[in-house]
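Enquirer: Encoded as C-alpha cells, here's the structure I'll be asking about.
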Amino acid sequence: MNISYIDWAIIIAFFLISMLIGVLTSKKAGKNAKEFFLSGRNMPWWLLGISMVATTFSADTPNLVTDIVRSNGVSGNWVWWAFLLTGMLTVFVYAKLWRRSEVTTDLEFYELRYGGKPAAFLRAFRALYLGVFFNIVIMATVSLAAIKIFGVMLGLSSWETLLVVSVVTVIYSSLGGLKGVLLTDFFQFFIAIGGAFAAAIYVLNLPEIGSMENLLAHPNVSGKLNLIPDFTDWNLVIPLFIMPLAIQWWATWYPGAEPGGGGYIAQRMLSAKNEKNAIGATLLFNVAHYALRPWPWIIIALSSLIIFPQISDMQEAFPNIEVGKLGNDLAYSAMLTFLPTGLIGIVMASLIAAVMSTLSTHLNWGSSYVVNDFYARFIKPEASDKELVLVGRLSTVGLMVLAALLATLLSNALEAFNILLQIGAGTGLIFILRWFWWRINSYTEISAMIISFVVAVYFESIHNRIGILPIPDDMAYLKLLIGVGITTVTWVAVTLLTKPEDDKVLLAFYRKVRPASIGWKRLLAKYPEEREETGQLPMEIGLVLIASIMVYAALFAAGFWIYSMVTAAAIATIVAIGGAILVFKGWRRMR
C-alpha cells in the first residue's frame, strides 16, 4: 500500500491525542486505587456504555466476523449474536445488583457472597487465572488481529506492530487509569465506527463490485446471505443456531458476555453513578453492539469473497504474510488495502483505535485483579494507595509484554474464540443462579472452574491423539455440549454434597444486595424477622425478552433494508420501534 503523508499525519495525530488524554488524567487517577480502577464511582451511563462498545469494537472482532461470514455465511454470526440474551439479562436483572454490592472488582464479590478460606482461595486464584492467564489470552487475540492488519496494510512485521501498539496503549492506560481509558474509548469509538462505515461504502463502489445490488447477486455471495441458517442442513443449523440459542448463551463464560455480568462489564457497572446509570450503560452497549455495528463488517466480508475467493488468493496478493497467519480472517484487512489516500489514514486510525481500546480496557481490568484481589488482599494488605497505584501501573506493563509474546504463537481469531468458549463451558449457570439461590457455595465455583478447564484441555490437546470416541469436524459442537454437561453435573453434585455457606455470610449478602427472595426462602424461613425482598423479577425477565426481540428486530431490519426486502424491513422496523417503546416504559418503572 502507498501510505501518503496525509494518512501518516492522521495516524500520528490519533496517537498523540490518545497519549495526551492519559497524561491529562494521570494526576487524578494516581490519587488512590479506587480512583485508578473505578474513577470514583461517578461515571454517567452514556460514557460507560460507549466505552463498553469501544472495547468490544476490538480489531479482532471484524476479523472474527469476516472469518465466520466467509466460512458459514451471514447466519454463522449467531455464534455470537446469541450472547445478546446474556447481555439483556445483565441489563435488567443484574446491573443494579452489581452496583448495590459496591465491590471494587467482580472478584471481590466472592468474599461478599461466600465465606472462609475457600472464598479467599477462589478470589486469589481467579485473580491470577482471569486477571493474568485468561486476560493475556484475550489480549493476545487482539494483538494477533493487529499483526494481521498492519502486516497487510503497512508491511510491518509482528514485532514492529506489537511494539508500536503496545507502547502507546501502555502509556495512556498506566497513566490515566479507568478514567483515562473511558475518555480515550469515547474519542476512539467515533473514529472506529466512522472508519468502519466509510470503508464499507468505499468497498461497495470498487470496480470489481460496483454496487450493493451487484454484490448480493454475485454467485460467490448469493448463497451466504441468509440471516437464519437453512433448516434443511442440520449440520449447519445445530452448531450455528440451535446450540448458541439453546445452550451457549447461558451455559458458557465468555469475556464481555458473562452470564450475569462480570469482568470489564462489571467494572463499568461498578463505576456508575447509581443503579439507573448502570442499567442505562449496559442497555446502550447491547443495542449498539448487536444492532448497530455488525453490518459494515459483514458487507466487507461478503465483498472479499469476490476479490479474494480463496485463501490462496490472499497469499498470492500478500506474499510477505507469514504462512501461519494466513486464514479467512485476513480478508478484512486485505480489503482495506483498496482504500484511497485520506480514507486510509482514517481507517487505519479506526483500526488502531479498536486495538488500543480493547487492550487498554483489559490492561486496566487485569491489573485491578492483580492489585485489588491479589496484592492488596493477600500479599500486602497495609500497602498505601500510592504503592497500589504503582503496582497497578507495573502490572499493566507486565500483562502487555506477556500478551505480545503469546500473540506470535496464535494463528486465527475463530480458533481462539472456540477455545475460550470451551474453557468456560458449563460455568455460566452458576453466575446466573448465585445471586438468587442461597445453596450455591464457594465449592460450587471451584469445582466448575477446575472441571471445565480439564475438559477443555482434553478436547483441545488429548482427544484427537488417543482416538477414543472421535468427533467428526462437522459435529465439533458436541465438544461444547459434552463440556457443559460434565461441568454442570459436577458442580450441582458438589453443591448438594457440601455444606452451605454460613448463615451470617448469606444474610449479610442478602441484606446488602437485596435480590428477589425466590431462591432464598428456605434460608429466610429460619429468620422470620428478615424482610423478604419481593423484587420485580417477573417484570425484569419480561423486559429481557422484549429488549432482545427489539434488538434482533433492529439487526434484521438493517439487513432487510440492505437486501432491498422492503416489506420484511418495514415489519422488522415496526417491531423494533414498538419494542423500544415498551422497554423505555419498563425501564422507568424499575426500582
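Enquirer: Pop a pseudo-label 7 angstrom from the Cα along the beta-carbon direction at both Ser211 and Ile541 and give the gap in nm to one decimal.
Expert: 5.0
Enquirer: Would you pull out the residues with amide H under 5 Å of Gly424's amide H, same chain only if 5 or more places away, H placed 1.01 Å from N?
Expert: Amide H neighbours of Gly424: Trp253.
Enquirer: A further question follows. So, with +1 on the Cβ of K and R and -1 on the Cβ of D and E, and no other charges, what is the size of the charge dipole of the chain about its Cα centre, to the nearest 20 debye?
Expert: It comes to approximately 2320 debye.
Enquirer: Label segment 69-178 by shape, choosing from rounded, prolate and oblate, from the square roots a ≥ b ≥ c of the eigenvalues of the Cα gyration tensor; if a/c is under 1.5 it is rounded, and otherwise prolate applies when a/b is larger than b/c, oblate when it is not. It would help to have the intermediate numbers written out before the result.
Expert: On the way: a/c = 2.37, a/b = 1.43, b/c = 1.66.
Oblate shape, in that a/c is at least 1.5 and b/c is the bigger or equal ratio.
Enquirer: Full extension from Tyr129 to Tyr527: what is 0.36 nm times the residue separation minus their Cα-Cα distance, to one decimal in nm? Write out the running numbers ahead of the final one.
Expert: Details: separation 398, 0.36 × 398 = 143.28 nm, distance 3.74 nm.
Result: 139.5 nm gained on full extension.
Enquirer: Using a Förster radius of 45 Å, what is the FRET efficiency between Lys504 and Trp587 based on their Cβ-Cβ separation? Nearest 0.05, please. Before the final figure, lay out each step's value.
Expert: On the way: r = 35 Å, r/R0 = 0.78.
So, using R0 = 45 Å, E works out to roughly 0.80.
Enquirer: Rank Val203, Ala448, Ile471 by how far each Cα sits towards the positive end of the charge dipole of the chain (+1 on Lys, Arg Cβ; -1 on Asp, Glu Cβ) and give me just the farthest.
Expert: Positive-end residue among those listed: Ala448.
Enquirer: Counting only Cα atoms, I'd like the Rg/Rh figure for segment 52-103, Kirkwood definition for Rh. Before the final figure, lay out the partial values.
Expert: On the way: Rg = 14.8 Å, Rh = 13.0 Å.
Taking Rh as the inverse mean 1/r over Cα pairs, Rg/Rh reads 1.14.
Enquirer: I'd like the Karplus ³J(HN,Hα) series for segment 385-400: coefficients 6.51, -1.76, 1.60, θ = phi - 60°, whole numbers in Hz, and an x wherever there's a Gly or Pro.
Expert: 4, 4, 5, 5, 5, 4, 4, x, 5, 5, 5, 4, 5, x, 4, 5
Enquirer: For segment 232-312, report the % of Cα-Cα distances exceeding 15 Å.
Expert: 73
Enquirer: Which percent of the Cα-Cα distances in the chain go past 43 Å?
Expert: Numbers: 29469 of 174345 pairs.
So the pairs more than 43 Å apart make up 17 percent of the total in the chain.
Enquirer: Helix-only mean residue ellipticity at 222 nm, the chain, DSSP H runs n ≥ 4 weighted -39,500 (n - 2.57), per residue, nearest 500. What is it? List each step's numbers first, then the result.
Expert: Working: 30 runs with 390 residues, N = 591.
Value at 222 nm, helices only, nearest 500: -21000 deg cm²/dmol.
Enquirer: What's the exposure ranking of Tyr110, Tyr563, Tyr477, going from fewest to most Cβ atoms within 10 Å?
Expert: Details: Tyr110 25, Tyr563 15, Tyr477 20.
Listed from fewest to most nearby Cβ atoms, that is Tyr563, Tyr477, Tyr110.
Enquirer: When only Cα pairs under 8 Å and 6 or more residues apart are kept, what is the percent relative contact order across the chain? Let's see the in-between values first.
Expert: Working: 953 pairs, mean separation 159.9, N = 591.
Contact order relative to length: 27 percent.
Enquirer: Could you line up Arg268, Arg434 from fewest to most neighbouring Cβ atoms inside 10 Å?
Expert: On the way: Arg268 31, Arg434 22.
Ascending Cβ contact count within 10 Å gives the list Arg434, Arg268.
Enquirer: What order, most packed first, do the peptides 4-12, 191-199 have when packing is the mean number of other Cβ atoms within 10 Å of each residue?
Expert: Details: 4-12: 14.9, 191-199: 21.3.
Final packing ranking: 191-199, 4-12.
Enquirer: Can you work out the Karplus-derived ³J(HN,Hα) for every residue in segment 196-211? Use 6.51 cos²θ - 1.76 cosθ + 1.60 with θ = phi - 60°, whole Hz, and x for glycine or proline.
Expert: Those phi angles translate into 5, 5, 5, 5, 4, 5, 5, 4, 4, 9, 5, x, 5, 10, x, 5 Hz.
Enquirer: What ³J(HN,Hα) values, in whole Hz, does the Karplus curve 6.51 cos²θ - 1.76 cosθ + 1.60 give for segment 367-377 when θ = phi - 60°, with x put for Gly and Pro?
Expert: 5, 5, 5, 4, 7, 6, 9, 10, 5, 6, 8
Enquirer: Using mean Cβ contacts within 10 Å as the protection proxy, how do 79-89, 331-341, 351-361, 309-319 order, highest first?
Expert: On the way: 79-89: 24.0, 331-341: 21.2, 351-361: 29.2, 309-319: 13.9.
Ranked by mean Cβ neighbours within 10 Å, highest first: 351-361, 79-89, 331-341, 309-319.
Enquirer: Using the 10 angstrom Cβ neighbour count as an exposure proxy, how do Tyr290, Tyr369 rank, fewest first?
Expert: On the way: Tyr290 21, Tyr369 30.
Going from sparsest to densest Cβ surroundings: Tyr290, Tyr369.
Readers should treat all values here as calculations from the given coordinates under stated rules, not as data from a laboratory. Fair warning: this is a prediction, and the values are worked out from it, not measured in the lab. Please note: Cβ atoms are built from the backbone with ideal geometry, for glycine as well, and neighbour counts cover all protein chains shown.
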